[in-house]
């Protein structure tokens, strides 16, 4: 495995020991969840491998932390090809992309994360590369400059984005496969927690795994992060098995409740409920009273709160849905300080 500038080139000729250290899935069987999508990608990958061709260009979109990069590395591993992992915002010049494309071997995968943030001048280089496997390079400067059309090896572009609506129409139309990743349910997340525990060489009972899954916001990355922190707490307190008691203590230490709500989440809900009688109230006002940046609230905290039905956006601002407000008032009366 070698690094080139800010991009990462992975040949995926790792050893079983590497697999045990990073506990990253290397096959579709190891990848848990996203069952329908996994079935599709497994079929596409197998078909391309049987034809000895590059896989068609693939666009993966969905919230962060759901496994887009992992799926790309699995496809490269299954096909026995290399994968180069890049970030869209970091490719500032067309020369950066041309250098990467010219270094690809036949059937290699180029994975570009946050592809919607790629500069338009760099994006335009991709058009001919994706369709004709050729790139235009300007040689020289001024009146003596000339354009040279260079062939590149057939490759697969896997673009990943959290904001598919920001991808330009010309780029989107060049992807032969477009798939969305959805949030995980608790059963799949619990299986991921158990898998992570296996590679961390610790024991977790099923109820504890479900408890961790329930506060992971439907996201494997968060579930793994919580699992590692619970492991730290269990180790320091000499717990040989992670059970419900250990998880409950750990979540309290981490400032999470059983739904995965943080102290900031609670503060947002409590502010709208207590200070503004359920809303509506402007985002800037909520941010000021909570002591958090408005953009952070909008993009980090609100999506989960809206998905759980705790808040909603209206033309007049944020508010607590009527049915949720009734339940919260009952909860506040029955258990002081819940929100």
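Of the residues making up region 85-115, those that are surrounded by fewer than 21 Cβ atoms within 10 Å (Cβ to Cβ) and within 22 Å of the chain's Cα centre (by Cα) are 85, 87, 88, 89, 90, 114. For region 230-242, the set of residues classified as surrounded by 15 or more Cβ atoms within 10 Å (Cβ to Cβ) and within 15 Å of residue 254 (Cα to Cα) consists of 230, 231, 233, 234, listed by residue number.
So that you can scan it fast, the table gives a plain yes or no per residue for (1) on the phi < 0 side of the Ramachandran plot; (2) touching a helix residue (DSSP H, G or I) at 6+ places or on another chain (Cβ under 7 Å):
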| residue | (1), (2) |
| --- | --- |
| 189 | yes, yes |
| 194 | yes, yes |
| 201 | no, no |
| 209 | yes, yes |
| 232 | yes, no |
| 235 | yes, no |
| 247 | yes, yes |
| 250 | yes, yes |
| 292 | yes, yes |
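Kindly evaluate residue 188 against the criterion of being in a helix (DSSP H, G or I), over 30 Å from residue 124 (Cβ atoms), free of Cβ contacts under 8 Å to residues at least 40 places away in the same chain and out of contact with any strand residue (DSSP E or B) (no Cβ under 9 Å at 6 or more places or on another chain). It is false that residue 188 is in a helix (DSSP H, G or I), over 30 Å from residue 124 (Cβ atoms), free of Cβ contacts under 8 Å to residues at least 40 places away in the same chain and out of contact with any strand residue (DSSP E or B) (no Cβ under 9 Å at 6 or more places or on another chain).
Values in this text are rule-based calculations from the coordinates and carry no lab data. This structure is a prediction, so every number in the text was calculated from the model and none was measured. Note that we place each Cβ from the backbone using ideal geometry, even for glycine, and neighbour counts take in every protein chain shown.
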